[in-house]
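Asks: Got a structure for you, questions after.
The values are calculated or read from the model by the stated rules, or taken from the named source; none is laboratory data. In this text, all values refer to a predicted model and were calculated from it rather than measured experimentally. Here the Cβ is made from the backbone with ideal geometry for all residues, glycine too, and neighbour counts use every protein chain on show.
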């Protein structure tokens, strides 16, 4: 169930898993303008000097903030079940990118 902010109605989201393709990403590049956020999902492979972007998601600032809150909730639930997620640079803030190696 997906509730749209401000319109007071609920929408149902239907997913046909036979038509949905997952894409692995170990590097995410982030950018923004005054009206949108851009998330580029890439994959770095050993021995290959360039990462290829496999998917680009463009969203409104409102949707980006809702995604941030949803990810915070899901990461918190994951860590409550499985323990703290360790990152290579704990405490450091990524600057425009997320993944390995850090840009």
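Asks: Just one of 77, 70, 64 is part of a helix (DSSP H, G or I), surrounded by 10 or more Cβ atoms within 10 Å (Cβ to Cβ), touching a strand residue (DSSP E or B) at 6+ places or on another chain (Cβ under 7 Å) and at pLDDT 95 or above; which is it? Break it down stepwise before answering.
Replies: Numbers: 77 fails: touching a strand residue (DSSP E or B) at 6+ places or on another chain (Cβ under 7 Å); 70 fails: touching a strand residue (DSSP E or B) at 6+ places or on another chain (Cβ under 7 Å).
Criteria check complete, one pass: 64.
Asks: What is the number of the single condition among (1) in contact with a strand residue (DSSP E or B) (Cβ under 9 Å, 6 or more places away or on another chain); (2) within 21 Å of residue 70 (Cβ to Cβ); (3) at pLDDT below 90 that residue 51 does not meet?
Replies: So the condition that residue 51 fails would be (2).
Asks: While we're on this one: From the list 44, 57, which one is loosely packed, with under 14 Cβ neighbours inside 10 Å and touching a strand residue (DSSP E or B) at 6+ places or on another chain (Cβ under 7 Å)?
Replies: Working: 44 fails: loosely packed, with under 14 Cβ neighbours inside 10 Å.
Answer to the selection: 57.
Asks: Shifting gears a bit: Being within 21 Å of residue 88 (Cβ to Cβ) and in a loop (DSSP other than H, G, I, E, B) is the filter here, so list the residues in the range 18-49 that pass it. Reasoning before the result, please.
Replies: Going residue by residue through the range 18-49, those that are within 21 Å of residue 88 (Cβ to Cβ) are 24-30, 39-49.
Listed by number, the residues that qualify are 24, 25, 26, 44, 45, 46, 47, 48, 49.
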